[in-house]
Amino acid sequence: MHKSPTYDQTPEATAPLSQTWQSPPGFVSWFTHVNQRQIGYRFVVTSLIFFALAGVLALIMRLQLIAPENTLLGADFYNQLFTMHGTTMMFFFAVPAMEGLGIYLVPLMIGTRDMSFPRLNAFGYYVYLIAGVSLFVALFLGMAPAAGWFSYVPLANIAFSPGKGMDFWTSMITFIEISALAAAVELIVTILKQRAPGMTLNRMPLFVWSILVMSFMILFAMPTVMAGSVLLALDRAFDMQFFVASGGGDPLLWQHLFWFFGHPEVYIIMVPALGIISTVIATFTRKPVFGYTALVLALVATGFVSFGLWVHHMFTTGLPHLGLSFFTAAGAMIAIPSGVQVFCWIASLWGTRIRFATPMLFVLGFFAIFIIGGLTGVMVASIPFDTQVHDSYFVVAHLHYVLIGGAVFPFFAGLYYWYPKMTGRLMSERLGKWSFALIFIGTNLTFFPMHQLGLEGMPRRIYTYLEGMGWGDLNFAITLAAFVLAAGFLLTLINAVISRTRGAEAGDNPWQADTLEWAATSPPQNYNFRHLPVVNSRHPLWDEADLTRRQYVKGLRADRRELLVTTLLEAQPQSVLIMPGPSIWPFLLALVVGFGFLGFMFQPLLFVVGFALSFFAITGWLWPRKPWISTKEN
Amino acid sequence: MSMSEVTEPQFSVDATQLSRFHGGTDAPIWWGIVGLILIEMSVVAAFVISYFYLVMVNPTWPPEGQPASELLWPTVSMVLLLVSCVTMYLAGKSVNRDRVTAFVIYTWASVALATVVLVIRWLQFQTFDFSWNDHVYGSLVWTISGFHFLHVVSAATGTSVVALLGMKKFFNSKQRIGVVVDTLYWNFVALAWIPFYLILYWAPRMTQTAGG
Ligand code: HEM
């Protein structure tokens, strides 16, 4: 029995396992990688690049608004900029960033070696990359969409937006949804079927729970916007009538389709952030968070209730009265799970000795920013007030408080927290604290005065304003503050680049955390875990600090990619899954599908060509391998 | 300390004897296909809801002078698709019992049924006496029909590959997860015709009579 190399402890014996799970080096091979850590890392890095790009667009906008009647930008280019800024931040930064963390961390946290469908994972990444790069190429060619990040029709209809810009938007949004949906399915299946033996649902780390809820929300929300953007594309390409009033269509239909997704979208970004917060709090107070079950239920409830909120965004469109009351109630209901979470976190922090490392600072920053965003949210959720400030800078202030507080702060907390796991080195605490201070102060100085501008009546989405309105001073201050904020982000970027080579060695578990990812080396080996762990508690690394008490799985082969499948609720070992290795086909498939979507804008027939080509790519991808037949298993 | 430094690990789970084959819910791919179906069901729901929303905002449905379509051939398609679910089920049963020839026959029968449906649908497209850009009713009928048509094409293509692999003796009672997930998707595509059939062919009748 003990001849299999898996049981052997000598370093030479880990070589075959490492070899089996290796991602081949070299430029061409880069496109064949499928391991979850490579793909997750790429998602995170790429999303940060898009974050930086969208940030630069925001700064250009702020420069235009620095003084009344400024002539740096024209109206049309300004429209392109805020559309691209909003679209990039929402679709190409926030969602992929959270998915990226999930893809990188979930398999490590649940103690497995890869995700269920590694090639699909790689495909999702290339789709994301192609969609994002195409949109920015369009911007440089002056063909970017300009109808706002939610592309309201009729403005987005062909009659009012004749250029290629909107076509880029509809194609690339449809395209990126494919990537998000692929990641969602992948994460759900991995979480449900590949948890370490003994990791019942009840012992799953809160971050994994939050990723699970996020993925389910994506699964139900994104198809709607995808259907919507396809219908819009058909309207524009074939003169269909879905959103054209004269043909019996209805522009409001678009708003319903978009906001059915759009509101959950905000929570799709926020839910994983909540998971990060619970994780960081537990680690930096060195005790389990208070109210695990309550927190899980709150996450699930948030997921459900957020779907009831979409009409929120349409209060001013004149819906029947009863309907409106219902949706106001739903708006208030979301306060319940939020309240539960805040109480649990306060109880967790109460009377503990908090370690104020950078990740923890970002979490505390989240509380401050998010509470302000929540308060203004309650204000806009009341219909009379909303009618007053609708489409003013009050809304710009509110949405940035919510999104920066709810997504950017937690994401940065996560970045500082997991960077050592991903790279093997710690980020500089000194730079981290400076960065935090600048971001925190910058956010408030930039966005708080916008409330005032909104109340004074400054509308959003205007490229300039008249001297006589008296908005000049505040706008001047806001633009300066935006540069403070940008400097804060830049410091973290510099920190990340420098620490990559110069940071202090992290060791396996630099924060003395409780979850399984910290049991792997930093950065993890090709195979993640030398032996898959067996779990007996919610906090395996704390409860089994004594290494001799830890338990493992044996009997997985080292000469091919094998991992363990467990049952859905109880995580009992069920079977062994043989995983595919590196492959170029996911990349090729993404290319031909991308070709189909981009070609569609210029010549609808090219879509059919893309469709036909993708058949070949899929065949190549799925070409049967029969490793179980060529080896003597039985 | 890392795991690799552990000198005497305790192995409480032994995976050596666990099956490397999967028959259904023990396979991640089964769950993956369920995920795909959930996504597509959300798309179907979006179409159906959009349809009724547009019925609501339009005073006359279908538009003035537009007779509701004839029922015969769509109903035949419905029946054929339901029968094809049965043949797929029988194909699965056969492969469970290692009756490979029966498996191949049933699979091809399903593909044949789907092909007949495709031909019927194609011929019907020729008889639509409105274009997709005439009115939103036309846009809906063409889009939904096209959506379902493409799905039947892809399910039939995938199943043909399964049948070909079956002829090459690729599947047996152990190695059958491919058949299981293909059937799962097949059932979705066939059953998706029910809501589409109802809204495309029955709903206009109801709204027409109701409207006067
Ligand atoms: C980094 C600092 C940021 C600055 C200086 C900034 C600045 C701006 C500006 C000037 C606008 C245009 C306002 C208008 O003319 O109506 C805007 C809009 C917007 N921003 Fe930001 N922003 C920042 C970060 C973010 C983040 C992190 C997100 C989301 C995760 C975000 C999401 C949006 C959205 C959705 C819009 C609305 C776009 C539209 O009207 O279609 N922003 N932002």
Open item on the list: As I understand it, the value is the acute angle between the Cα axis of helix A:585-602 and the longest principal axis of the Cα atoms of chain A; what does it come to in degrees, rounded to 10?
Closed with: 10 degrees
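Starting from the exponent 0.38 and prefactor 2.2 Å, build the expected Rg for the stretch A:482-552 from its residue count and divide its actual Cα Rg by it.
On the way: Rg = 17.0 Å, N = 71, 2.2 N^0.38 = 11.1 Å.
So the Cα radius of gyration is 1.53 times the expected 2.2 N^0.38 Å.
Which whole number gives the average count of other chain Cβ atoms within 10 Å of the Cβ atoms across peptide A:226-232?
Working: counts 4, 10, 2, 0, 5, 6, 0.
That average works out to 4.
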Task: Förster radius 45 Å - calculated FRET efficiency between A:Phe476 and A:Arg502, Cβ distance, rounded to 0.05 - done: 0.70
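Let me know the mean shielding of B:23-36 by other chains, meaning the per-residue number of their Cβ atoms within 10 Å of its Cβ. Walk me through the numbers on the way to the answer.
Details: counts 1, 0, 4, 8, 7, 14, 5, 2, 8, 10, 2, 3, 13, 4.
Partner-chain Cβ atoms within 10 Å, mean over residues of B:23-36: 6.
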Task: Portion, in percent, of the accessible area of chain A that falls on carbon or sulfur, probe 1.4 Å - done: 71 percent
Open item on the list: Starting from 0.36 nm per residue, how many nanometres of slack lie between B:Asp129 and B:Arg99 once their C-alpha separation is accounted for?
Closed with: 6.0 nm
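In whole Å and largest first, what semi-axes does the C-alpha gyration tensor of the stretch B:93-135 yield when each eigenvalue is scaled by 5 and square-rooted?
On the way: eigenvalues 297, 17, 4 Å².
For the stretch B:93-135, the semi-axes come out at 39, 9, 4 Å.
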TODO: Given the peptides A:402-410, A:94-102, arrange them by the average over their residues of other C-beta atoms within 10 Å, most packed first.
DONE: A:94-102, A:402-410
Task: Burial ranking of peptide ranges A:150-162, B:60-72 (average Cβ count within 10 Å, highest at the top) - done: A:150-162, B:60-72
TODO: Run the quick spin-label model on A:Ser23 and A:Trp623: label points 7 Å from Cα toward the beta carbon, then report their separation in nm to one decimal.
DONE: 2.3 nm
Open item on the list: Compute the orientation-averaged projected area for the stretch B:76-208 from the convex hull of its Cα atoms and round it to one decimal in nm².
Closed with: 8.0 nm²
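If you take the accessible area of A alone, add that of B alone, and subtract the area of the pair, what total do you get in Å², probe 1.4 Å, to the nearest 100? Please list the in-between numbers first.
Working: alone 25510 and 12310 Å², together 32680 Å².
About 5100 Å² of accessible surface is lost on pairing.
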TODO: Calculate the radius of gyration of the Cα atoms of the stretch A:41-188 to one decimal place, then report Dmax, the largest Cα-Cα distance, as a whole number, both in Å.
DONE: 17.2, 58
- [ ] Give the ranking of B:Trp122, A:Trp623, B:Trp186, A:Trp585 by solvent-accessible surface, highest area first, calculated with a 1.4 Å probe.
- [x] A:Trp623, B:Trp122, A:Trp585, B:Trp186
TODO: List the residues whose amide H sits under 5 Å from the amide H of A:Gly555, counting only those 5 or more places along or on another chain, with H placed 1.01 Å from N in the peptide plane.
DONE: B:Ala15
Open item on the list: Need the full-extension length gain, A:Gln512 to A:Lys287, defined as separation in residues times 0.36 nm minus the C-alpha distance. One decimal, nm.
Closed with: 79.9 nm
Open item on the list: Could you identify which residue out of B:Val57, B:Val152, B:Val117 has the top mean-square fluctuation in a GNM of chain B using Cα springs shorter than 10 Å?
Closed with: B:Val57
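For chain B, which DSSP H helices look membrane-span-like by this rule: Cα extent along the axis of 24 Å or more and mean Kyte-Doolittle of at least 1.6? Write down the numbers at each step before the final one.
Working: long enough: B:28-57 (44 Å, 2.01); B:72-96 (37 Å, 1.31); B:100-127 (41 Å, 1.44); B:136-167 (46 Å, 1.32); B:177-197 (30 Å, 1.36).
Helices meeting the span and hydropathy rule in chain B are B:28-57.
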TODO: Take every Cα-Cα distance within the stretch A:423-526, group them into 5 Å bins from 0 onward, and report for each bin the whole-number percent of pairs it holds.
DONE: 2, 11, 15, 13, 12, 10, 9, 7, 7, 7, 4, 2, 0
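Based on the Cβ-Cβ distance of A:Phe304 and A:Tyr152, what FRET efficiency does E = 1/(1 + (r/R0)^6) give at R0 = 30 Å, to the nearest 0.05? Can you show the working numbers first?
On the way: r = 27 Å, r/R0 = 0.90.
So the FRET efficiency works out to roughly 0.65.
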Open item on the list: How far apart, in nanometres, would the label points at A:Thr548 and A:Thr387 be if each is projected 7 angstrom from Cα along the Cα-to-Cβ direction?
Closed with: 7.5 nm
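Quantify how strongly other chains surround peptide A:566-576 by giving the mean number of their Cβ atoms within 10 Å of each of its Cβ atoms.
Details: counts 2, 2, 3, 0, 0, 0, 1, 4, 6, 10, 8.
Taking the mean over all residues of the peptide, I get 3.
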Open item on the list: Restricting things to Cα coordinates, could you compute the convex hull volume per residue of the protein assembly as shown in Å³?
Closed with: 161 Å³
TODO: Could you state the accessible area per residue of the protein assembly as shown in Å², with a 1.4 Å probe and every protein chain left in place?
DONE: 39 Å²
Open item on the list: Can you give me the angle between helix A:358-381 and the longest principal axis of chain A, using Cα atoms only, in degrees from 0 to 90, rounded to the nearest 10?
Closed with: 40 degrees
- [ ] Could you state the angle between the C-alpha long axis of helix A:36-65 and the longest principal axis of the C-alpha atoms of chain A, as a value from 0 to 90 degrees rounded to the nearest 10?
- [x] 20 degrees
TODO: At 7 Å along the Cα-to-beta-carbon direction for both B:Thr60 and A:Phe367, put a label point, then send me their distance in nm to one decimal.
DONE: 6.5 nm
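The values are calculated or read from the model by the stated rules, or taken from the named source; none is laboratory data. In this text, all values refer to a predicted model and were calculated from it rather than measured experimentally. Note that each Cβ is placed from the backbone with ideal geometry, even for glycine, and that neighbours are counted across all protein chains shown. Heads up: the accessible areas ignore ligands, DNA and RNA and are worked out on the full protein's heavy atoms, side chains in. Shrake-Rupley method; radii C 1.70, N 1.55, O 1.52, S 1.80 Å.
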